[in-house]
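Beneath this line is the structure, given in structure tokens, with notes to follow.
Bear in mind these aren't lab numbers, they're just calculated from the coordinates by the rules spelled out. Bear in mind that the values here come from a model prediction, so they are computed numbers and not experimental data. Counting neighbours? That spans all protein chains shown, and the Cβs are built from the backbone with ideal geometry, glycine included.
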Amino acid sequence: MSASVPEELVSLADDEGNSVAVVVLGRLPAWSGGLRAEIVVRTPFVSGRTDLVLSVSKLNAWAEALNGLEAGEDVAWMEWDRGPSVRIQLTGERDCPEVVVEDDSSMVTVRVPLVPPDDWIAEHRRRLRQVVDHWVPLLSA
């Protein structure tokens, strides 16, 4: 991918080496309405990735999730879809924000406590806008 193509829709990380990202890899060959993506989890203890298909409706759901987070609510993104889901709890089990990635196909759930920077919601709105502006015109319904 060239530098001008948006790659990360989600990039949550802290100074402790914990991170969760949703990386856009390109158009999905088997479905012209979808994007190939993956969820990437990295911590000092565990690292992993799982495939993900993004659609316009999932991008819209991420925008709604950002609205909820801005309103101070915990959110679940892609919880009712097939495939992995992401929950963000503003106050997790360790009294800090926590990202929970659950993958039904592997039956694995990972909790990643992290403290994102103050402007993380605005930054993710910018990331979403870049992904939508670049990729959605290339998709067909």
* Amide N of the range 23-56 lying under 12 Å from the label point, which is placed 7 angstrom from the Cα of VAL108 along Cα→Cβ -> 39-43, 46-51
* Counting pairs of Cα atoms in the chain, how many percent are more than 24 Å apart? -> 26 percent
* Cut-off 15 Å between beta-carbons: net charge of the residues surrounding ARG125, Lys and Arg +1, Asp and Glu -1 -> -4
* Net charge, LEU9 excluded, C-beta distance under 10 Å - Lys, Arg +1, Asp, Glu -1 -> 0
* **Euclidean distance between Cα centres, the range 3-29 to the range 92-141, Å** => 8 Å
* **Gain on full stretching of the segment that runs from ARG82 to LEU28 - 0.36 nm per residue minus C-alpha separation** => 17.8 nm
* **Residues VAL46 and SER140, FRET efficiency given R0 of 41 Å [Cβ-Cβ distance, rounded to 0.05]** => 0.65
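Restrict the search to the range 47-141; then list the trypsin sites (Lys or Arg not before Pro) that DSSP places in a loop and that have at most 12 other Cβ atoms within 10 Å of their Cβ.
Values: sites: ARG49, LYS58, ARG82, ARG87, ARG94, ARG111, ARG125, ARG126, ARG127, ARG129; in loops: ARG82, ARG94.
Here the trypsin sites (Lys or Arg not before Pro) that fit, given the DSSP loop and packing criteria, are ARG82, ARG94.
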